[in-house]
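K.L.:
Below are the structure tokens for one structure; questions will follow.
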Amino acid sequence: MMDYIKVFVTGGIICVIGQILMDKTKLKPARILVIYVSVGTFLTGLGLYEYIVDWGGAGATVPLIGFGYALGVGVMEEVKTAGFLGVFTGGLTATAGGITAALIFGYLAAILFNPKDTK
């Protein structure tokens with residue numbers, strides 16, 4: 001039961017930070033998403049995000065900051081095995097499944113639904 005609470009609190013804090021950024025700044029959601037991915041990668045590179053993942057589990061890995069974490073971990077692992085070339089291949093290798101799913105489901109949604117113009 002305590003694990004669920006940790007996941008909820010961790011994910012909630014990440015979402016609250018994003019909501020505060022949207023409400024209190026002029027940042028658009030797309031920029032906040034880029035910031036989250038970048039911060040996740042940066043904190044992973046410093047070795048700090050691993051502690052958050054250990055404590056918060058899926059609450060730390062499912063939001064977009066977790067995508068940055070996956071990129072960072074993939075790069076670090078690939079650099080160990082492939083050397084400098086791993087900087088370019090590790091992130092894509094580690095996140096290929098998620099990227100592929102996003103592309104497929106995005107394509108299916110575009111085919112199945114009729115989007116309306118925003119004004």
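K.L.:
For the ranges 69-82, 99-112, what's the packing order if you count other beta-carbon atoms within 10 Å of each residue, average per peptide, and put the highest first?
P.N.:
69-82, 99-112
K.L.:
Averaging sequence separations of C-alpha pairs under 8 Å and six or more residues apart, then dividing by the length of the chain, give the relative contact order as a whole percent.
P.N.:
Here the relative contact order equals 21 percent.
K.L.:
Follow-up question, since we're still on this one. Where Rh denotes the Kirkwood radius from the mean inverse Cα pair distance, what is Rg over Rh for region 49-119?
P.N.:
Result for region 49-119 is an Rg/Rh of 1.15.
K.L.:
Could you give each residue of region 25-36 its phi-based ³J(HN,Hα) in whole Hz, using Karplus coefficients 6.51, -1.76, 1.60 with θ = phi - 60°, and x for Gly or Pro?
P.N.:
Taking θ as phi minus 60°, the curve returns 10, 9, 5, 7, x, 4, 5, 5, 4, 5, 4, 4 Hz for region 25-36.
K.L.:
Please give me the summed charge of the neighbours of Trp55: other residues whose Cβ is under 15 Å from its Cβ, Lys and Arg +1, Asp and Glu -1.
P.N.:
Net of charged neighbours comes to -2.
K.L.:
Quick check: Cα centre of region 69-119 to Cα centre of region 1-51, how many Å?
P.N.:
Spelled out, the Cα-based centre of one part sits 18 Å from the other.
K.L.:
Still on this structure: List the aspartates and glutamates whose Cα sits under 17 Å from the Cα of Lys6, skipping any in the same chain fewer than 8 residues away.
P.N.:
Hits, sequence-local ones excluded: Glu50, Asp54.
K.L.:
Taking only protein heavy atoms and a 1.4 Å probe, what accessible area per residue, in Å², does region 38-93 have with all protein chains in place?
P.N.:
In whole numbers, region 38-93 has 58 Å² accessible per residue.
K.L.:
With semi-axes √(5λ) of the Cα gyration tensor in Å in mind, check (i) 45, 15, 10; (ii) 24, 20, 11; (iii) 26, 22, 15 and report the label derived from this structure.
P.N.:
Read-out taken from this structure: (iii).
The values are calculated or read from the model by the stated rules, or taken from the named source; none is laboratory data. Just so we're clear, the structure is a prediction, and the values are computed from it rather than from any experiment. Positions of Cβ are generated from backbone atoms using ideal geometry, with glycine treated the same way; all protein chains shown enter the neighbour counts. For accessibility, only protein heavy atoms count, side chains too; no ligands or nucleic acids. Shrake-Rupley method; radii C 1.70, N 1.55, O 1.52, S 1.80 Å.
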